[in-house]
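Each remark here refers to the structure printed beneath this line.
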Amino acid sequence: MTNTDLTQQPPARPGTNNSGGAFRRELALIPGWAYVLALVTFGAVQAAMHFLIPRDPNAPSFGERVFLGILAGSVLLVWVLLIGYVNRDSKRRGMNPRLWTLLVIFVPNALGFILYFLIRKPMQVPCGNCGTMLQPNYRFCPKCSTPRYPVCGHCNTPVQVGDLFCNNCGRMLHEPMK
Ligand SMILES: [Zn+2]
Ligand SMILES: [Zn+2]
């Protein structure tokens, strides 16, 4: 590259505005099939509580069955939604979604979830120029060479927005372009 001391500034990345609504954005990640499955599961637990269990002569009272049904149904509902979340979240982090979905379903005592949230990779970020998904350690887009962070135009060291001089080669950086 022949550009001397022009600071290269990547185009603004879409969808990186972090002001609030983070939890709702994560919820929006859960696929529709997980919501449907969660509701069906919740309904099935209620049906079992009020149609199957009363056949047992030692069945708990109606009040207990309502309480247990809502409790067990809610736990399963959240569990199914979390499976849907892991299925989508693993994909956007470049992890194997099929493997992780199976792990969180079949590893007992929620250990699959705990493992997942402990070791999940940082999120991949789309290139602001061409949309290629960038691994967390990439400094440049492998498809169009757009820098992921502002870098010194002379030595390609990452610099902070607002820096006046490169922290590596000491050359003056032009004001980042808007
Ligand atoms: Zn690109
Ligand atoms: Zn430099």
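Coordinate-derived values only; no laboratory data. What you are looking at is a predicted structure, and each value in this text was computed from that prediction instead of being measured. Because the Cβ atoms are built from the backbone with ideal geometry, glycine has one as well, and the counts that use them run over all protein chains shown.
Observations on the structure shown:
- Using only side-chain charges placed at the Cβ, +1 for Lys and Arg and -1 for Asp and Glu, the dipole size of the chain relative to its Cα centre rounds to 380 debye.
- PHE140, PHE117 arranged by Cβ crowding within 10 Å, fewest neighbours leading: PHE117, PHE140
- Likely footprinting exposure, ILE105, ILE83, fewest C-beta neighbours within 10 Å first: ILE105, ILE83
- Volume in Å³ per residue [convex hull over Cα atoms, computed for the stretch 22-123]: 113 Å³
- Dipole orientation for the stretch 22-123: of the candidates ALA22, PRO108, ILE83, ALA22 has the Cα lying most toward the positive pole (charges on Cβ; Lys, Arg +1; Asp, Glu -1).
- Inter-label distance, nm, simple model (7 Å from Cα along the C-beta direction), LEU29/ILE119: 1.8 nm
- Relative packing of 158-170, 46-58, which averages over residues the other C-beta atoms within 10 Å, highest first: 158-170, 46-58
- This ranking places VAL86, VAL80 by how few other beta-carbon atoms lie within 10 Å of each, fewest first, which gives VAL80, VAL86.
- The chain, Rg to Rh (Cα coordinates; Rh as Kirkwood inverse mean 1/r): 1.23
- Tensor-based shape of the stretch 74-152 (alpha-carbon gyration tensor, a/c under 1.5 rounded, otherwise prolate or oblate): prolate
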